[in-house]
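Asks: If you scroll down you'll find the structure; I have some questions about it.
The values are calculated or read from the model by the stated rules, or taken from the named source; none is laboratory data. Predicted, not measured: the structure shown is a model, and the values here were computed from it. Because the Cβ atoms are built from the backbone with ideal geometry, glycine has one as well, and the counts that use them run over all protein chains shown. Just the protein is used for accessible areas: all its heavy atoms, side chains included, with ligands, DNA and RNA removed. Shrake-Rupley method; radii C 1.70, N 1.55, O 1.52, S 1.80 Å.
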Amino acid sequence: MYDVLILGAGASGLMCAAELSTCKGIKVGVIDANANVGAKIKISGGGKCNITNTQVSEKNYLGDESFVASVLSRFTKEDLLGFLHANGLKPVIRKNRYYFCQISSDEIISIFRRLTKNTKYHLGETLLDVSQNIECFTVKTSRAEYRAKNLVIATGGVSYKTLNATDIGIQIAKQFGHEVTEFTPALVGLTLQKDQFWMKELSGISAEVEIEVEGKKLREEMLFAHRGISGPAILSASLYWKKGNMFINFLPDHDINILIKNSKKNISSVLNLSKRLSKALLEALHVEDKPCNKLTREELQNLQVIQKYPFAPAGNFGFTKAEVSRGGVKTEGLHGKSMMSKKVDGLYFIGEVTNVTGELGGYNFQWAFSSGVVCAREIKSRYNC
Ligand SMILES: Cc1cc2nc3c(=O)[nH]c(=O)nc-3n(C[C@H](O)[C@H](O)[C@H](O)COP(=O)(O)OP(=O)(O)OC[C@H]3O[C@@H](n4cnc5c(N)ncnc54)[C@H](O)[C@@H]3O)c2cc1C
């Protein structure tokens, strides 16, 4: 019989196991369908894992803000960096905001391996069924049956099914009477409606933009892709977009009216954009590329749209390309101090399986790690540890 059985050896499950490992008296097991631990960590951030961000707040997440704030405050970005430093990992900061491993994601995976050397891993086992009687939880896998006093669901979302991602976590939650929001793809590229097909011509080009979506302003690069639009700004916008238009500002550092004022140069050369993008934008806005001082009133009006281009996606690139799944176990059913179920004592949900999803930029690992630690500390306190 395990004291704690963690379902899922991803970011949140590993952090939970690492924190529990500081208490020698607790017998911990971890089950995962993958042959190796931390499969998503391994491929994340282009193989270098964007661990966290210089600015982390509940505002960077889709979810119940006070719940998110409660969890993040208990294991902050500073706590995470302290943990990494103490274990010999000195992350590098990219673009002044993203913390990455220096060489590869293996740096962080190997920390978890080392810290959990006394944890019993059951890898290559698919979870089939969970049940509970007055004594314990019973977990059936494709190979065996395990019993545990505490059960931590850390099975993540459903994006990247090739890495054995499944929705077993929300199935278990439902079984125990929890409310869930079904998963939908997020941090994902967006496909185009007919009026935006002009963007297809720009495949491969990127530009720094500011996107306004559902009251949020997101500043990062967008990338024109063959199937639609992508890049960090679009991926984060996909998290918040519900319906209607989002607005793209293609000149976030400038005022279009000041750029063109009294200029005799052609518009395409005063816009601070790549030639291909400015030409395509002008065409899409029905503005002839001519000297700025020769613009008609209507063209001047159309030009304003460069700073507030309305965009409503046709759809998205789907779960195969989505970095995360939006939705999951509703946090209303969990305690913000412990991640424990309000319905079932000893049952916990951590990481992406909860309906908390972060923007692009290390926020999802921060959530996985913070919720993993919060859960482990609660269990430790129950063992007077
Ligand atoms: C390509 C890609 C790049 C990403 N890059 C970043 C990044 O740089 N920064 C960032 O913050 N976030 C990134 N993310 C998101 C991040 O990886 C996840 O949010 C995070 O891993 C969630 O942690 P988790 O522990 O909740 O779930 P996961 O890490 O997904 O772990 C869940 C585990 O449960 C196991 N599991 C699920 N179902 C079953 C089952 N039925 N039987 C047995 N085992 C099962 C899975 O095998 C998996 O190992 C990226 C995601 C992807 C797909």
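Asks: Can you tell which of 39, 35, 18 is on the phi < 0 side of the Ramachandran plot, small (Gly, Ala, Ser), within 15 Å of the ligand (Cβ to nearest atom) and in contact with a Ser or Thr (Cβ under 6 Å, 6 or more places away or on another chain)? Outline the logic, then answer.
Replies: Working: 39 fails: in contact with a Ser or Thr (Cβ under 6 Å, 6 or more places away or on another chain); 35 fails: in contact with a Ser or Thr (Cβ under 6 Å, 6 or more places away or on another chain).
From the options 39, 35, 18, the qualifying one is 18.
Asks: Mind listing whichever residues of the stretch 116-132 are more than 17 Å from residue 15 (Cα to Cα) and open to solvent by less than 70 Å² (accessible area, probe 1.4 Å)?
Replies: Residues of the stretch 116-132 more than 17 Å from residue 15 (Cα to Cα): 124-132.
Result: 124, 125, 126, 127, 129, 130, 131.
Asks: Follow-up. Determine which single condition residue 309 fails, assuming it passes every other condition in (1) open to solvent by less than 50 Å² (accessible area, probe 1.4 Å); (2) modelled with pLDDT under 95.
Replies: For residue 309, the exception is condition (2).
Asks: Next question. With the condition being among the aromatic types (Phe, Trp, Tyr), I'd like the strands (runs of 3 or more DSSP E) fully within the stretch 202-321 carrying at least 2 qualifying residues. Working first, answer last.
Replies: On the way: elements: 206-213, 216-224, 228-230, 246-249, 309-311.
The strands (runs of 3 or more DSSP E) meeting that bar are 309-311.
Asks: Which of the following residues is away from the ligand (no atom under 16 Å from the Cβ), open to solvent by 10 Å² or more (accessible area, probe 1.4 Å) and not in a loop (DSSP other than H, G, I, E, B): 343, 337, 380?
Replies: Working: 343 fails: not in a loop (DSSP other than H, G, I, E, B); 337 fails: not in a loop (DSSP other than H, G, I, E, B).
Residue meeting the stated conditions: 380.
Asks: Within the stretch 121-136, which residues are in a strand (DSSP E or B), within 15 Å of the ligand (Cβ to nearest atom) and in contact (Cβ under 8 Å) with a residue 24 or more places away in the chain? Show your work before the answer.
Replies: First, pick out the residues of the stretch 121-136 that are in a strand (DSSP E or B): 121-123, 127-132.
Filter once more, so that each one left must be within 15 Å of the ligand (Cβ to nearest atom): 121-123, 127-130.
Those that are in a strand (DSSP E or B), within 15 Å of the ligand (Cβ to nearest atom) and in contact (Cβ under 8 Å) with a residue 24 or more places away in the chain: 121, 122, 123, 127, 130.
Asks: Pick out, from the stretch 1-72, the strands (runs of 3 or more DSSP E) lying fully within it that include 2 or more residues that are under 26 Å from residue 218 (Cβ atoms) and open to solvent by less than 20 Å² (accessible area, probe 1.4 Å).
Replies: Working: elements: 2-7, 28-32, 50-53.
Strands (runs of 3 or more DSSP E) meeting the threshold: 50-53.
Asks: Is it the case that residue 208 is modelled with pLDDT of 95 or more, open to solvent by 60 Å² or more (accessible area, probe 1.4 Å) and over 30 Å from residue 17 (Cβ atoms)?
Replies: Details: modelled with pLDDT of 95 or more: yes; open to solvent by 60 Å² or more (accessible area, probe 1.4 Å): yes; over 30 Å from residue 17 (Cβ atoms): yes.
Yes, satisfied.
Asks: Now for a different question. Which residue pairs have Cβ atoms closer than 7 Å, lie 6 or more positions apart in sequence or on different chains, and pair a first residue in the stretch 31-53 that is closer than 18 Å to residue 120 by Cα with a second residue that is near the ligand (Cβ under 6 Å from one of its atoms) and open to solvent by 60 Å² or more (accessible area, probe 1.4 Å)?
Replies: Close Cβ pairs satisfying both conditions: 33/126; 33/164; 34/164.
Asks: State whether one or more residues within the stretch 73-92 are closer than 21 Å to residue 335 by Cα, among the aliphatic types (A, V, I, L, M) and either in contact (Cβ under 8 Å) with a residue 60 or more places away in the chain or in contact with a Pro (Cβ under 6 Å, 6 or more places away or on another chain) (or both).
Replies: No - not one qualifying residue is present in the stretch 73-92.
Asks: On to the next question. Looking for something open to solvent by 50 Å² or more (accessible area, probe 1.4 Å) and within 15 Å of the ligand (Cβ to nearest atom) - is there at least one such residue anywhere in the stretch 148-158?
Replies: Checked the stretch 148-158: no residue is open to solvent by 50 Å² or more (accessible area, probe 1.4 Å) and within 15 Å of the ligand (Cβ to nearest atom).
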